[in-house]
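Visitor: There's a structure below that I have some questions on.
Where a number appears in this text, it was derived from the coordinates with a stated rule and is not lab data. Here the structure is a predicted model, which means the values were calculated and not measured. Positions of Cβ are backbone-derived with ideal geometry, glycine not excepted, and every protein chain shown enters the neighbour counts.
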Amino acid sequence: MKVTTIKGIIIAYLALSFSAANGYADQVSDEASIRKNAEAYVAAYNSHDAKALAAMWSPDAVYVDPSSGEESVGQEEIENAFAETLSKFKEAKLEVKVDSVRFVSPNVAIENGTTRIIRADEEPEESGYTAVNVKQDGKWLLDRVTEEVAAPPPPSNYEHLKDLQWMVGTWVDQDEDTTIQFDCEWTKNQTFLHRSFAVVVGEQVDMAGIQIIGWDPIAKQIRSWVFDSDGGYAEGKWTRVGERWQIQQTGVLPSGSKTSAVNVMTPVDNDSFTWAAVSRELDGDLLPNVDEALIVRKTAE
């Protein structure tokens, strides 16, 4: 190969590398400008400056109000739309988090992120957004913005049940012949607590069952429902007295007899609690109390 040809290839390669490096540098600078624009947009919104907000959109931009779906075309209509919105929510504040900026051409970039509108005495309104930025006369401007309001959090009664968080885990009470094991966990969305129990005598399961603990929105009280493998069931109403929980429980045995009792549970520490049953009745007749027993958390062997 001739020397002149080799020199030509090298020169062409260096020129290409310089062009790529220069293009990358421009892209970094452009991304910084777009992110800076987002900061300026927040500042203008929080200052309730509708004119400054509209100036950040391109002359032919289309703004769609996410709450009403109404379109505003061009900077003048966009300014009017923002002026109307900001006049209604004078204390509203905007937060924007830019997650990514992707360039589809030297003059077009797709910006993705999340917004948060904070208004007095209201829950913050969060949404994801996709913004199309265009570069005109060396300046980056918004051309289109699509917002998707974040789905509301799933319903949960955790706030009403969180004081029973200590029950979650595996617990045992045992003597030489009998072991009683309780397994407690949250259901999906922490709406209920699910407890399963098993009474093991020797190596055989003598009885098993489940208990569901939840919040009664009508009675404004924690309630529970128990179903055992023999066919009995019971319902309880929970009341907290200091650190102690009192469960007023009424039930029906497989025979049809009616029972009632007050179960008392008292946390001792993170790994133990006591349980006792008082005021026990069977078809209206008093039964002896069940003495207090210590229930301990089962740890990994």
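Visitor: Taking 7 Å along the Cα-to-C-beta vector as the label spot, tell me the M207-D175 distance in nanometres, rounded to one decimal.
Guide: 1.5
Visitor: Something else about it: Quick one: what are the phi-derived ³J(HN,Hα) couplings along region 254-264, Karplus 6.51/-1.76/1.60 with θ = phi - 60°, whole Hz, x for glycine and proline?
Guide: My calculation for region 254-264 gives x, 6, x, 5, 9, 10, 8, 6, 10, 8, 10 Hz in order.
Visitor: Over the chain, what relative contact order in percent results from Cα pairs under 8 Å that are six or more residues apart?
Guide: It rounds to 8 percent for the chain.
Visitor: What are the residues whose amide H is under 5 Å from the amide H of D216, where those residues sit 5 or more places off or on another chain and H is modelled from the backbone?
Guide: Q221, I222, R223
Visitor: Report the Stokes-Einstein translational diffusion coefficient (µm² s⁻¹, integer) for the chain, Rh taken as the Kirkwood radius over Cα pairs, at 25 °C with viscosity 0.890 mPa s.
Guide: Stokes-Einstein gives a translational diffusion coefficient of 95 µm²/s.
Visitor: Which residue, F192, A40, W225, has the largest displacement toward the positive end of the dipole of the chain when charges sit on each Cβ (Lys, Arg +1; Asp, Glu -1)?
Guide: The Cα lying farthest towards the positive end belongs to A40.
Visitor: In nm, to one decimal, how far is the modelled label at V290 from the one at L253, with both set 7 Å along Cα→Cβ?
Guide: 1.4
Visitor: What ³J(HN,Hα) values, in whole Hz, does the Karplus curve 6.51 cos²θ - 1.76 cosθ + 1.60 give for region 266-279 when θ = phi - 60°, with x put for Gly and Pro?
Guide: 10, x, 9, 7, 5, 10, 7, 8, 9, 9, 8, 10, 10, 6
Visitor: May I pose another question? Cα convex hull of region 158-297: how many Å³ per residue? Let's see the in-between values first.
Guide: Working: hull volume 17.6 nm³, N = 140.
Dividing the Cα hull volume of region 158-297 by its residues yields 126 Å³.
Visitor: Next up: Size of the dipole of the chain about the Cα centre, Lys and Arg at +1 and Asp and Glu at -1 on the beta carbon, nothing else charged, in debye to 20?
Guide: 1260
Visitor: Now for a separate question. What value, in deg cm²/dmol to 500, does the helix sum -39500 (n - 2.57) over DSSP H runs of n ≥ 4 give at 222 nm once divided by the residues of the chain?
Guide: Numbers: 4 runs with 68 residues, N = 301.
Per the formula, -7500 deg cm²/dmol.
Visitor: Another question about this same structure. To the nearest 10 degrees, how steeply does helix 74-88 sit against the main Cα axis of the chain, on a 0 to 90 scale?
Guide: Long axis of 74-88 versus the principal axis of the chain: about 30 degrees.
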